[in-house]
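Colleague: I'd like to ask you about the structure that follows.
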Amino acid sequence: MKAIDIRNKYLNYFKAHGHKIIPSAPLIPENDPSVLFTTAGMQPLVPYLLGEKHPEGTRLTDYQKCVRTVDIDEVGDNRHLTFFEMLGNWSLGDYFKEESIAMSFEFLTKELGIPVERLSVTCFAGDENAPKDEVSAECWRKAGIPEDHIYFYGKDDNWWIAGEEGPCGPDTEMFYDTGKEPCSHECQPSCDCGKYVEIWNNVFMEYFKDKNGYTKLKQRNVDTGLGLERMTMLLQGKETPYDTELFAPIMDLLKEKTKNDNIQSRRIVAEHLRSSMMIICDGGRPSNIDRGYVLRRLIRRMTRHLRKLEIDLSELSEIIDKNIDNLKEMYPELEENKSTIKNVIIEEKDKFIKTLEHGEREFNKIVNRLKNENKNLIDGKTVFKLYETYGFPPEITKDLAEEQGLEIQVDEFDKLFKEHQEKSRMGSEQKFKGGLAEQNEKTIAYHTATHLLHKALQIVLGEHAKQKGSNITTERLRFDFVHPEKVTKEQLDEVEKIVNEQIKRDLKVTCEEMTLEEAKKSGAIGLFENKYGDKVKVYTIGDFSKEICGGPHVEHTGVLGRFKIKKEESSSAGVRRIKAVLIKE
Ligand code: SER
C-alpha cells in the first residue's frame, strides 16, 4: 500500500465514523511565531481541546504536516525524520476511550489488514495524579488483544503533553512487531532494539497541567497521531522510510550521481531536501534566528552532504525537480510553489559555499600559526569558534586537519558543542511551551486589540493594509501588514485614536459560524488565502470590525485598557511592523 492510499483510507474511515475532514494547518503556525513549527496534529487544535467550540463539530480528522527538529543530528540513521506526516482523529468532548480504541483496532486490523498477533499495546500504569488506565486495557481485551500483549508503563512512556504545560493525559500506544528476534528475554515494546515499532498514539486528554499541577479540563478529549512514513514502511515490509516510494526515487537518483556511495549522506540529502521544500512551501525562509535558522541548518547540512557525495552542486536543480515530481501527488502545493522553492534553496546553497570558502581561509590562517609555533593540535575552542562564528562545520575542520597532519582537541569541542546544543534545545522547547500554554487573559485581550488595529490601519492607510503576520505575548502585540512606506507619526496617532475610541465605546464581541463564501460576502476581513475547513468563525466587534479568526476574544472591548503604539518599523520589503501594548488604567 502506498503512503497516499494509507492517508486516504484513514481519512475515509474516520469520515465514515462521523468525523469531518479538516485541512492540514501550515507547518508554520499561523499568527503564532512563538512556536517554531507545527509538531503534532493537535497543535493547531489546542483552543478546541481547551473547550472552544470548533466550527466543524466535535469529531475531526486530518493529515498534518509536521516538523520536529530536536533529533536533527540523528537524521541519516534508519528512522529519524525532521519532516513527517501525522494522521490524526479527534474527539472534542465527544467519544472517549471505548470508541477510540474500537476504531483504532478496526482500522489497523480490517482496513490495513495487520494481523492481531503483530500488535501489542501499552497503557498508563497510574500514579499520584491519575489512576491506572484499566479502562483502556479492558477495551483492548474486548477488541481481541491477548493479555500478554498488553503492557502498563508510567508517565515517561504513557502520558502525553506538548512541552511542559498544557492539555495532557494518559495515552495508549500501539506497537507493531516486526518479527525480529527479541533482543533479550526482557524485550518488550518499551525497548528500542527495533523489534517493536510504535505506530499510533491515542491520548485521552482530560487534564491540564500548569506550574501548580494538574486540573481536569472542561471536557474529555481524544487526540490521536499515526506517523504515515513509519506505517508505510512497515506495511511494505521495508527496513527504513528511505526504501518506500516517498524517498526511493531520490535515493536512486543520488546513487546514480555519486561515485562515493555513502548511504547516510544520501539519506541526509533526501530527508533535509524534503523538509526544506515543505518549510519553504509554507512560507519559511532561511535566516539566523528561530525557524529561519532551522531551515538554514537543513539546507547547509544537505549541501555539505552533497559535497561529501561529490555530487556537482549544479545538479541540485534537477534533484529538486525530481523530488517535487515524486511528492506532488501527496502535496500539490509543492508544484505550485516550485520556482520559489528552487530559488530559495539554491540561493542559500550558494551563500553557504561562500561561508565554507571563508571558513577555509580562516582555517588556513590557523594552520600557518600552528606551524610557526611548531604545534600540531588545534584546540577545541578554536574549532568551536570556526563553527560558531563562521558556520564552519567541525567535521570539515577535522577532515582538513587530517590532511595537514594536525589533530583536533575533540573532547573540548564536544563539551562546548553540547552546551551550545543544550541552549538551543531549551530555546525551542521554551518556544513550544509558550505557544501552547500562554492563552490567558492578557493574550486574549491582545488578540482582540489586534483586530481593532487591523481595521484601524485599513481605515487610515487604505484597504491594502492587510495582515501579513501577528505575534502575541503577554507583554505586547506585534502586527505585520502590507504598506509600501513608513507610516507617518500623524497616521500612527490617528490609528491609535481610532482603536482607543472603539475601546471606550465598549463594543460587544460576538462570534458566528459560516461558510467561507458567506464570510467573504459579509465583508469579513481575514487571511482568505489560508486553507480553512468548510466552516469558519467570524468575530464581529460592534459595528467596527468583522474578521475571520479562530478566537478566543474578550466579550466586550471596554476591558482592554488603553492602546498604545510603541514602535513602527520595516518587517520586509513592502511589509511594515507595529508593536503595541495595552495599558491598564
Ligand atoms: N499528540 C499525540 C502525539 O503527538 C497524539 O497525536 O503523539
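Colleague: Hey, can you tell me all the residues within region 161-178 that are of a type in the set (D, E, K, R), away from the ligand (no atom under 11 Å from the Cβ) and within 29 Å of Leu112 (Cα to Cα)?
Modeller: Asp177, the sole residue that qualifies.
Colleague: For region 534-577, what are the residues that are within 24 Å of Asp493 (Cβ to Cβ), small (Gly, Ala, Ser) and crowded, with 18+ Cβ neighbours inside 10 Å?
Modeller: Matches in region 534-577: Ser545 only.
Colleague: Please go through region 443-472 and give me each residue that is in a helix (DSSP H, G or I), over 16 Å from Thr540 (Cβ atoms) and among the small types (Gly, Ala, Ser), ordered by number.
Modeller: Scanning region 443-472 gives a single hit, Ala445.
Colleague: Could you run through region 246-257 and say how many residues are in contact (Cβ under 8 Å) with a residue 60 or more places away in the chain and in contact with a Lys or Arg (Cβ under 6 Å, 6 or more places away or on another chain)?
Modeller: Residues flagged as in contact (Cβ under 8 Å) with a residue 60 or more places away in the chain and in contact with a Lys or Arg (Cβ under 6 Å, 6 or more places away or on another chain) within region 246-257 amount to 2.
Colleague: Just to be sure before I move on: is Gly435 modelled with pLDDT of 80 or more, crowded, with 18+ Cβ neighbours inside 10 Å, assigned to a helix (DSSP H, G or I) and not hydrophobic (A, V, I, L, M, F, W, C) in the structure I sent?
Modeller: no
Colleague: Taking region 321-349, which residues are surrounded by 16 or more Cβ atoms within 10 Å (Cβ to Cβ) and of a type in the set (S, T, N, Q)?
Modeller: Asn323, Asn326, Asn337, listed by residue number.
Colleague: I'd like to verify a number: residues in region 174-201 that are free of Cβ contacts under 8 Å to residues at least 40 places away in the same chain and in contact with a Lys or Arg (Cβ under 7 Å, 6 or more places away or on another chain), how many?
Modeller: 7
Colleague: Can you spot a residue in region 479-490 that is among the β-branched types (Val, Ile, Thr) and either surrounded by 20 or more Cβ atoms within 10 Å (Cβ to Cβ) or under 17 Å from His447 (Cα atoms) (or both)?
Modeller: Yes: region 479-490 contains one or more residues that are among the β-branched types (Val, Ile, Thr) and either surrounded by 20 or more Cβ atoms within 10 Å (Cβ to Cβ) or under 17 Å from His447 (Cα atoms) (or both).
Colleague: Does Arg301 count as of a type outside the set (A, V, I, L, M, F, W, C) and part of a helix (DSSP H, G or I)?
Modeller: The answer is yes for Arg301.
Colleague: One residue is enough: does region 519-532 have a residue meeting the conditions under 24 Å from Leu60 (Cα atoms), surrounded by fewer than 15 Cβ atoms within 10 Å (Cβ to Cβ) and of a type in the set (Lys, Arg)?
Modeller: yes
Colleague: Moving on. For region 202-231, give me each residue that is of a type in the set (Ser, Thr, Tyr) and in contact (Cβ under 8 Å) with a residue 40 or more places away in the chain.
Modeller: Hits for region 202-231 are Tyr207, Tyr214, Thr224.
Colleague: Please specify each residue of region 330-351 satisfying the condition of being of a type in the set (S, T, N, Q) and outside any helix (DSSP H, G or I).
Modeller: Asn337
So that you can scan it fast, the table gives a plain yes or no per residue for (1) of a type in the set (S, T, N, Q); (2) within 25 Å of Leu60 (Cβ to Cβ); (3) out of contact with any Gly (no Cβ under 6 Å at 6 or more places or on another chain):
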residue	(1), (2), (3)
Lys216	no, yes, yes
Leu228	no, yes, yes
Thr232	yes, yes, yes
Ser265	yes, no, yes
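Colleague: Which of the numbered conditions does Ser570 fail, given that it passes all the others? Conditions: (1) part of a strand (DSSP E or B); (2) at pLDDT below 85.
Modeller: With (1) part of a strand (DSSP E or B); (2) at pLDDT below 85 applied to Ser570, the lone miss is (2).
Colleague: If I ask for residues that are among the basic types (Lys, Arg), within 20 Å of Lys567 (Cα to Cα) and in contact (Cβ under 8 Å) with a residue 12 or more places away in the chain, which ones from region 465-517 would you list?
Modeller: Answer for region 465-517, where residues must be among the basic types (Lys, Arg), within 20 Å of Lys567 (Cα to Cα) and in contact (Cβ under 8 Å) with a residue 12 or more places away in the chain: Lys466, Lys468, Arg476, Arg478, Lys486.
Colleague: Now a separate question. Going by the structure shown, is Lys308 modelled with pLDDT of 95 or more, more than 19 Å from the chain's Cα centre (by Cα) and among the basic types (Lys, Arg)?
Modeller: No, not satisfied.
Colleague: Please go through region 118-160 and pick out each residue that is aliphatic (A, V, I, L, M) and either within 21 Å of Glu106 (Cα to Cα) or within 16 Å of the ligand (Cβ to nearest atom) (or both).
Modeller: Correct list: Leu119, Val121, Val135, Ala137, Ala143, Ile145, Ile150.
Colleague: Need the failing condition index for Glu99 against (1) touching a Lys or Arg at 6+ places or on another chain (Cβ under 9 Å); (2) modelled with pLDDT of 95 or more, just the number.
Modeller: (1)
Colleague: When you go through Lys442, Lys455, Lys468 one by one, which is the residue that is modelled with pLDDT of 90 or more, among the charged types (D, E, K, R) and under 30 Å from Glu501 (Cβ atoms)?
Modeller: Lys455
Colleague: Could I ask something else about it? If a residue must be in a helix (DSSP H, G or I) and either free of Cβ contacts under 8 Å to residues at least 12 places away in the same chain or more than 25 Å from the chain's Cα centre (by Cα) (or both), how many such residues does region 311-320 contain?
Modeller: Residues that pass the stated criteria total 6.
Colleague: So Asp480 passes all but one of these: (1) modelled with pLDDT of 90 or more; (2) part of a strand (DSSP E or B); (3) over 28 Å from Phe37 (Cα atoms). Which condition number does it fail?
Modeller: So Asp480 meets the others, but not (3).
The values are calculated or read from the model by the stated rules, or taken from the named source; none is laboratory data. Being a predicted model, the structure only gives us computed values, none of them experimental. Neighbour counts run over all protein chains shown; Cβ positions are idealised from the backbone, glycine included.
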